[in-house]
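Participant: First the structure, which I've put down as structure tokens, then a few questions once you've had a look.
Read-outs: derived from the displayed coordinates by stated rules, not from any lab. This one's a predicted model, so the numbers in the text were calculated from it and none came from an experiment. Please note: Cβ atoms are built from the backbone with ideal geometry, for glycine as well, and neighbour counts cover all protein chains shown.
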Amino acid sequence: MTDLLSDKICLVTGATRGIGRAVAESFAAESGVVIGTGTTDSGATQITEYLKTSGASGEGMRLDVNDVDSIVELQTKIQEKYGAVSVLVNNAGISRNNLVMRIKDAEWEEIIETNLNSVYRMCKTFMRGMMRQRYGRIINVSSVVGHIGNVGQAHYSASKSAILGFSKSLAMEIATRNVTVNMVVPGFIDTDMTNVLDEKVRDNLLSNIPLGRMGQPEEVANAVVFLASSQSSYITGSTIFVDGGMIRH
Ligand code: NAP
């Protein structure tokens, strides 16, 4: 255990599994107080259990990012028990596959609501405390699909791409309060989200990754820890790609 995040209260959305869980566990290893969220009570309990096992302070809490009351409730609960959040990782997200011709309005809205509107709401709710304490780190999780598009993922791509414009603008608005806003852009990471891909799609994806393999959630978490720590003090409105070399600028 090191102490890159000692005394920091860190909130990670979607920490039941995949990238969010890896981030929460990495934060725990850096001595942060970690609050991880799941959409169900059992998910929250599971987060509390793994944090306890790692010897970290903090717990799992319930959050549905699409429910404004749920966000307010979470903020009140954390504030009363731990104090102001100083590191926020907007990781919760969903993906769906459908050609634009077939996307129903409800499906479009579900993706935009969960992946994009949630980021706006979470930032707005938690940045106040950060601005007051003149310290904050916001890390928004985007996707390579938001940069290069993908057949069947126009809605997902649009939501992840918009996170970029939002994060850059917010970074400019709150920089003077020493609150940074950065993005992590994962490529194809081995989680439940990508386990559903069939072999042909998977093989095709692998052929476009210079490092020749999918990434592990912990490899994304490493970048998030850096952006969450004071080591990234002069970086804001910026992006770290964790994509095995897929996107070359
Ligand atoms: P995952 O394994 O499917 O986990 C998704 C997490 O989001 C779960 O903890 C889930 O909670 C939570 N979540 C879903 N809907 C939610 C809601 N309405 N409110 C609150 N939490 C909600 O996903 P992942 O692969 O780790 O992806 C994490 C993030 O990275 C996403 O934003 C995704 O778009 C992005 N990303 C992933 C990849 C990849 O290759 N895996 C690539 C690029 C970007 P429950 O368990 O309670 O449902």
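Participant: Using label points projected 7 Å from each Cα along Cα→Cβ, tell me how many nm separate Asp190 and Leu211, to one decimal.
Facilitator: 1.2
Participant: Place a +1 charge on the Cβ of each Lys and Arg in the range 1-149 and a -1 charge on the Cβ of each Asp and Glu, then give the dipole magnitude about the Cα centre in debye, rounded to the nearest 20.
Facilitator: 360
Participant: Do the sum for the chain: with -39,500 (n - 2.57) for every DSSP H run of n ≥ 4, divided by all residues, what is the mean residue ellipticity at 222 nm, to the nearest 500 deg cm²/dmol?
Facilitator: Roughly -13500 deg cm²/dmol at 222 nm, from the helical runs in the chain.
Participant: Under the Kirkwood approximation applied to all pairs of distinct alpha-carbon atoms, what is the hydrodynamic radius of the chain in Å?
Facilitator: 18.1
Participant: Here is a further query. Using +1 at the C-beta of Lys and Arg and -1 at the C-beta of Asp and Glu, which of Ser161, Tyr135, Met122 has the Cα lying farthest in the positive direction of the dipole of the range 44-188?
Facilitator: Tyr135
Participant: Okay, next question. Scan around Phe241 for amide H atoms under 5 Å from its own, H built in the peptide plane at 1.01 Å from N, and keep only partners 5 or more places away or cross-chain.
Facilitator: Under 5 Å from the amide H of Phe241 lie the amide H atoms of Val185, each far enough along the sequence or on another chain.
Participant: Label-point separation (nm) for Gln133 and Asn150, each offset 7 Å from Cα along Cα-to-Cβ?
Facilitator: Distance between the two pseudo-spin positions: 3.5 nm.
Participant: Give me the distance in nm between label points sitting 7 Å out from Cα along the Cα-to-Cβ direction at Asn98 and Phe226, one decimal.
Facilitator: 3.8
Participant: Here's another thing I want to ask about it. Pairs of lysines 8 or more apart, or on different chains, with alpha carbons under 25 Å: count those in the chain, would you?
Facilitator: 14
Participant: Using +1 at the C-beta of Lys and Arg and -1 at the C-beta of Asp and Glu, which of Asn182, Ala15, Gln75 has the Cα lying farthest in the positive direction of the dipole of the chain?
Facilitator: Asn182
Participant: About its Cα centre, what dipole magnitude does the range 101-199 give when the only charges are +1 on Lys and Arg Cβ and -1 on Asp and Glu Cβ, stated in debye to the nearest 20?
Facilitator: The calculation lands at about 900 debye.
Participant: Given Cα positions, please report Rg to Rh for the range 82-202, the hydrodynamic radius being the Kirkwood one.
Facilitator: 1.03
Participant: I would also like to ask the following. Of Thr48, Thr2, Thr37, which is farthest towards the positive pole of the range 1-134's charge dipole, taken about the Cα centre with +1 and -1 on the beta-carbons of Lys, Arg and Asp, Glu respectively?
Facilitator: So the residue we want is Thr2.
Participant: Step through the residues of the range 117-134 one at a time and calculate ³J(HN,Hα) from phi using the Karplus curve (6.51 cos²θ - 1.76 cosθ + 1.60, θ = phi - 60°), rounding each to whole Hz and writing x for Gly and Pro.
Facilitator: Computed from phi, the couplings for the range 117-134 are 4, 4, 5, 4, 5, 5, 4, 4, 6, 9, 6, 4, x, 5, 5, 5, 8, 6 Hz.
Participant: While we're on this one: Evaluate the charge dipole of the range 172-235 about its Cα centre and quote only its size in Debye, nearest 20, assuming +1 on the Cβ of each Lys and Arg and -1 on the Cβ of each Asp and Glu.
Facilitator: Magnitude of the dipole: close to 240 debye.
Participant: I'd like the distance between the alpha-carbon centres of the range 190-225 and the range 1-54, rounded to an integer number of Å.
Facilitator: 22
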